[in-house]
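These notes are about the structure you will find just below.
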Amino acid sequence: MAPVITSLSCGPQATNQGNAPQALTVTGTGLVGSTRVRFGTNGPQATPSATTATTATCTVPTGNGVVAVAVYNAGVWSNTLPFYYIPSPYVCGLSPAEGPSAAPPAITITGNHLLTANQATFDATPVTASATTDNAVQAIPAAIAQVGGPPYFQYVDATLRTAGGSATLTGRFVAYDTPTIATSLPSLGIVGTQVTITGTGFVGNSITVAFGGYQAASNPVSETEIVTWAPAGPGVLSTVDVVVNTAGGTATKIDAFSYVIG
């Protein structure tokens, strides 16, 4: 019986797109004992590593463009199906380059040969990726396990998978722990009172403090301490929340400071 092929399944995406040296499974009939898989009329040939009545598996040889794949068995070539060589991806950047571990933002990865990307992996956790062009892919990382101690941030690898292979940006995304507030002292005073906030996760370039919604001047002393000054704005005899915002998120101390008459 002459071999007949009906579909091609290559690499992790299991499509008729791929690259050397991925595994290609050819599906059809009359394939048991097949001795050759041809990539293009005059192209390279591969020897199947395994065959059954309905499948032949081989390693994709080096090539490019669109080629016609056929299987040779019992002195007869099968019909052909198109196979698309996809160049290996190249990645060069991502944006934004930092965010909270608990809820990372949508990230755009840039590079070349990215149009077939369907998966991105951050901190070893794969998520769906969507290519907008051949040079840009967007993905939203899953929550990243927090460091839970100094330095309260970590550098995360980002790997993008396409039909042509995978490419990695090593340590290019900075994930920050969610900040916490343990104490805010003193708990009462006039406008301009110096207040020391203790807690965790006071790291990054965008640390701000607010009293009752009014931004306060502040000085991060360490990963666990901030010195700030009660701002004008809240009314006298009001009690307000103290809020710390960092690249890792927001921490709130309810009713942490009361304004008194000076």
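Structure notes:
- Here r is the Cβ-Cβ distance between residue 155 and residue 261 and R0 is 45 Å; the resulting FRET efficiency, rounded to 0.05, is 0.35.
- FRET efficiency for the residue 205 to residue 62 pair, using the beta carbon distance and R₀ = 41 Å, is estimated at 0.35.
- Point-charge dipole on Cβ atoms (K/R +1, D/E -1) for the range 114-246, about Cα centre, debye to 20: 120 debye
- Other residues whose C-beta falls under 15 angstrom from the C-beta of residue 152 contribute a net charge of -4, scoring Lys and Arg +1 and Asp and Glu -1.
- Among 164-171, 100-107, sorting by the average number of other beta carbon atoms lying within 10 angstrom of each residue, highest first, gives 100-107, 164-171.
- Each semi-axis of the equivalent ellipsoid for the range 4-85 is √(5λ) with λ an eigenvalue of the Cα gyration tensor; in descending order they amount to 17, 13, 11 Å.
- Applying 1/(1 + (r/R0)^6) with r as the Cβ-Cβ distance of residue 227 and residue 97 and R0 = 41 angstrom yields a FRET efficiency of 0.90.
- Stretchable slack from residue 14 to residue 108, in nm (0.36 nm times residue separation minus alpha-carbon distance): 31.4 nm
- Sequence-distant contacts, meaning Cα pairs under 8 Å at least 6 residues apart, place the relative contact order of the range 1-79 at 35 percent.
- Extension gain (nm, one decimal) between residue 236 and residue 133, 0.36 nm per residue minus Cα-Cα: 31.5 nm
- Put simply, the chain fits an ellipsoid with semi-axes of 62, 14, 13 Å; these come from the alpha carbon gyration tensor as the roots of five times its eigenvalues, largest first.
- Once the Kirkwood radius over Cα pairs is known for the range 158-237, the Stokes-Einstein relation at 25 °C and 0.890 mPa s delivers a diffusion coefficient of 162 µm²/s.
- Gain in span if fully extended, residue 79 to residue 187, counting 0.36 nm per residue against the direct Cα distance: 30.7 nm
- Across the chain, the mean sequence separation of Cα contacts (distance under 8 Å, 6 or more residues apart), normalised by length, yields a relative contact order of 13 percent.
- Positive minus negative residues near residue 91 (Lys, Arg vs Asp, Glu; Cβ under 12 Å): +1
No lab work stands behind these numbers, since they all come straight from the coordinates. As the structure is a computational prediction, the values presented were derived from the model and not from experiment. Note that each Cβ is placed from the backbone with ideal geometry, even for glycine, and that neighbours are counted across all protein chains shown.
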